[in-house]
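Reading through the structure tokens given below for one structure.
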Amino acid sequence: MKICVEIYANRMILTSDEHSVSVNASKPFTTTRLLVGHFEPAVNCLKACLQQAGFTGFFKRAPKLHIIAREKTEGGLSEVEERCIREVGLAAGARDVNVSTS
């Protein structure tokens, strides 16, 4: 199952065929310059999204994520930003992550 995650400043929205979950970060991960400026709070926010939607558990297969950056993307994402967002998805438990801006 492919899951779409939209990242906004300190907020993530997860959508799939059956679920739509929005989670505000308990600790801010966005900085004045970067959409994901703090790694661990972003991972925790994504984990919370996946748990609320029921995609994590002992007998559940790790999901595939399509992560879309919706803010602070003027001129596109740099390689570093793209890799950081991909690593957030993998650290949250995804088996495959695709990153885009649209």
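The values are calculated or read from the model by the stated rules, or taken from the named source; none is laboratory data. On a predicted model such as this, the values are computed, not experimentally measured, just so you know. We place every Cβ from the backbone using ideal geometry, glycine too, and count neighbours over all the protein chains shown.
Some points to look at:
- Candidates in the range 17-33 are the residues that are in contact with a helix residue (DSSP H, G or I) (Cβ under 7 Å, 6 or more places away or on another chain) and either touching a residue at least 24 places away in the same chain (Cβ under 8 Å) or surrounded by 14 or more Cβ atoms within 10 Å (Cβ to Cβ) (or both); of these, the one that is nearest to I85 (Cα to Cα) is F29.
- The range 34-59 - residue that is touching a residue at least 24 places away in the same chain (Cβ under 8 Å) and assigned to a loop (DSSP other than H, G, I, E, B) and, of those, farthest from A94 (Cα to Cα): L34
- Where V43 falls short, out of the listed (1) in contact with a Pro (Cβ under 7 Å, 6 or more places away or on another chain); (2) farther than 15 Å from I3 by Cα: (1)
A quick yes/no check of all residues on (1) at pLDDT 90 or above; (2) among the aliphatic types (A, V, I, L, M):
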{"site": "V43", "(1), (2)": "yes, yes"}
{"site": "G57", "(1), (2)": "no, no"}
{"site": "A62", "(1), (2)": "no, yes"}
{"site": "V80", "(1), (2)": "yes, yes"}
{"site": "R83", "(1), (2)": "yes, no"}
{"site": "E87", "(1), (2)": "yes, no"}
{"site": "L90", "(1), (2)": "yes, yes"}
{"site": "R95", "(1), (2)": "yes, no"}
{"site": "V99", "(1), (2)": "yes, yes"}
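- Selection within the range 60-91: residues that are among the basic types (K, R) and either on the phi < 0 side of the Ramachandran plot or in a strand (DSSP E or B) (or both). The member of this set that is surrounded by the fewest Cβ atoms within 10 Å (Cβ to Cβ) is R61.
- Any hit, the range 5-27, residues being within 14 Å of L90 (Cα to Cα), within 9 Å of the chain's Cα centre (by Cα), not in a loop (DSSP other than H, G, I, E, B) and not hydrophobic (A, V, I, L, M, F, W, C): no
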